[in-house]
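Below you'll find the structure, written out as structure tokens, and then a few comments.
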Amino acid sequence: MKTEIEQIHEENIDQSVIDRAGEIIQNGGLVAFPTETVYGLGGDALNEASSGKIYAAKGRPSDNPLIVHIAEIDSLARIAAKIPEKAVALAERFWPGPLTMIFEKAECVPDATTGGLGTVAVRMPSNKIARALIRASGGYVAAPSANLSGRPSPTQAKYVIQDLDGRVDMILDGGASEIGLESTIIDLSGENPVILRPGSITEEMLKEVVEDVGMDPGILGEESNEAPKAPGMKYRHYAPLGNLAVVEGRQDQVAAYINGRLKECREQGKKCGVIAADETAAGYLADSVKRVGKREDECAIAKHLFQVLREFDDEGIQVIYAESFDSKGVGLAVMNRLLKAAGHQVITV
Ligand code: TXA
Ligand code: MG
């Protein structure tokens with residue numbers, strides 16, 4: 001398949017490009033597009049065959065459900081069988097934006113979209129290109145992150161092109177993602193709301209709107225006996241090509257340990273990299289040292305994490321050590337993704 005690549009500017013959207021992209025989705029095709037979190041791989045959420053194509057293009061197991069993206073709050077009633085009061089309050093506060101809510105699903109949502117589950121995940125993104133595309137596509141766009149299954153989620157169109165060129169009909173290039181990590185997922189289909197995937201909308205922010213928010217116990221732990229409630233969280237994820245380990249402990253000891261290992265790597269002729277906070281990056285001797293942001297600035301770290309994992313791949317880095325970051329606030333989402341990317345290889349010094 002020939003993939004058409006179109007540049008598009010959020011502040012000056014070319015409607016003719018959006019109309020063509022919308023037509024592709026309405027006709028059962030696939031379009032990758034920017035959102036404020038990461039790029040999405042979109043197809044018609046209410047068309048079973050389109051969801052099948054999404055799984056095939058990503059190489060994703062078909063028991064891993066897709067998020068349905070809407071552009072208007074009024075669209076929710078058609079796909080959610082029940083909309084609890086708490087969801088209305090959360091939508092008022094956080095939509096459009098990086099929050100995905102899980103509802104009991106309505107009949108019209110095909111099993112192929114929800115991976116056979118009786119629930120449906122719904123998000124209303126704030127990115128204007130995404131919203132224009134959803135409107136032009138009939139209002140319901142199923143979109144997982146636009147990466148091949150297992151790879152870091154793409155925060156720039158060039159990484160979507162790397163993974164999906166020739167596998168989708170069109171890629172809309174709308175520049176770098178603002179947030180850089182996927183949306184927070186909260187399950188509202190049970191008695192109490194439960195966070196299934198942390199993101200830039202934090203537990204504290206959610207609790208300002210609804211008090212009794214729980215947290216899926218699998219979020220930082222290695223696969224526990226209990227399967228994570230978001231099926232996608234059980235798969236190996238976000239992995240760079242090189243071997244990545246996270247090192248935690250007192251900062252001077254972390255640096256000493258990593259530098260020791262880097263020396264060994266160099267002696268073995270391996271290309272090595274480090275992920276570090278701005279404050280400590282200068283202290284490492286590696287082929288590639290990536291600074292992700294100031295230690296206190298969790299949002300900057302979130303924004304750069306997937307990007308640096310992809311850069312290591314482009315540079316052919318074989319061994320990667322990452323500093324550990326504070327898991328408070330948005331830091332929980334950062335550590336959740338970093339630990340998954342490392343396959344939970346953690347070295348405590
Ligand atoms: O920010 C985002 O959410 C991005 C952009 C494109 O919107 N999308 C995204 O989709 O991250 P994806 O498919 O990469 O991750 C969706 C996650 C998976 O872990 C999946 O298992 C979970 O959401 N999920 C979807 N529907 C679910 C449901 N009904 N119940 C529980 N988990 C669900
Ligand atoms: Mg994903």
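The values are calculated or read from the model by the stated rules, or taken from the named source; none is laboratory data. Here the structure is a predicted model, which is why all the values come from computation and not from measurement. Counting neighbours? That spans all protein chains shown, and the Cβs are built from the backbone with ideal geometry, glycine included. Areas reflect the complete protein model, heavy atoms only, side chains present, ligands, DNA and RNA absent. Shrake-Rupley method; radii C 1.70, N 1.55, O 1.52, S 1.80 Å.
Give the residue, chosen from PRO34, PRO65, that is open to solvent by 10 Å² or more (accessible area, probe 1.4 Å) and closer than 26 Å to PHE306 by Cβ. Steps first, please.
Numbers: PRO34 fails: open to solvent by 10 Å² or more (accessible area, probe 1.4 Å).
Answer to the selection: PRO65.
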Worksheet, complete the sentence: Output for Cβ contacts, cut-off 6 Å, separation at least six or different chains, first residue more than 30 Å from GLN268 (Cα to Cα) in the range 315-336, second hydrophobic (A, V, I, L, M, F, W, C) and in a loop (DSSP other than H, G, I, E, B), reads GLY331/PHE325; ALA333/LEU181; VAL334/PHE325; ASN336/ILE219
Worksheet item: Going by the conditions given, is ALA121 within 16 Å of ligand 2 (Cβ to nearest atom), within 19 Å of the chain's Cα centre (by Cα), touching a residue at least 24 places away in the same chain (Cβ under 8 Å) and in a helix (DSSP H, G or I)?
Response: no
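Only one of GLU92, GLU36, GLU23 is within 13 Å of ligand 1 (Cβ to nearest atom), of a type outside the set (A, V, I, L, M) and not in a strand (DSSP E or B); which? Spell out the reasoning first.
Numbers: GLU92 fails: within 13 Å of ligand 1 (Cβ to nearest atom); GLU23 fails: within 13 Å of ligand 1 (Cβ to nearest atom).
Of the residues listed, the single one that is within 13 Å of ligand 1 (Cβ to nearest atom), of a type outside the set (A, V, I, L, M) and not in a strand (DSSP E or B) is GLU36.
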Worksheet item: Could you say whether any residue in the range 183-190 is within 16 Å of ligand 2 (Cβ to nearest atom), out of contact with any strand residue (DSSP E or B) (no Cβ under 6 Å at 6 or more places or on another chain) and not in a loop (DSSP other than H, G, I, E, B)?
Response: no
Practice prompt. Inspect the range 136-158 for any residue being near ligand 1 (Cβ under 8 Å from one of its atoms), in contact (Cβ under 8 Å) with a residue 40 or more places away in the chain, over 17 Å from the mean Cα position of the chain (by Cα) and part of a helix (DSSP H, G or I) and give the result as yes or no.
Written response: no
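Residues to consider are PHE325, PHE306; find the one that is under 20 Å from the mean Cα position of the chain (by Cα) and assigned to a loop (DSSP other than H, G, I, E, B).
Numbers: PHE306 fails: assigned to a loop (DSSP other than H, G, I, E, B).
Within the list PHE325, PHE306, the selection yields PHE325.
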Discussion item. Looking only at the range 122-170, count every residue that is of a type outside the set (D, E, K, R) and open to solvent by 20 Å² or more (accessible area, probe 1.4 Å) and tell me the total.
Written reply: 11
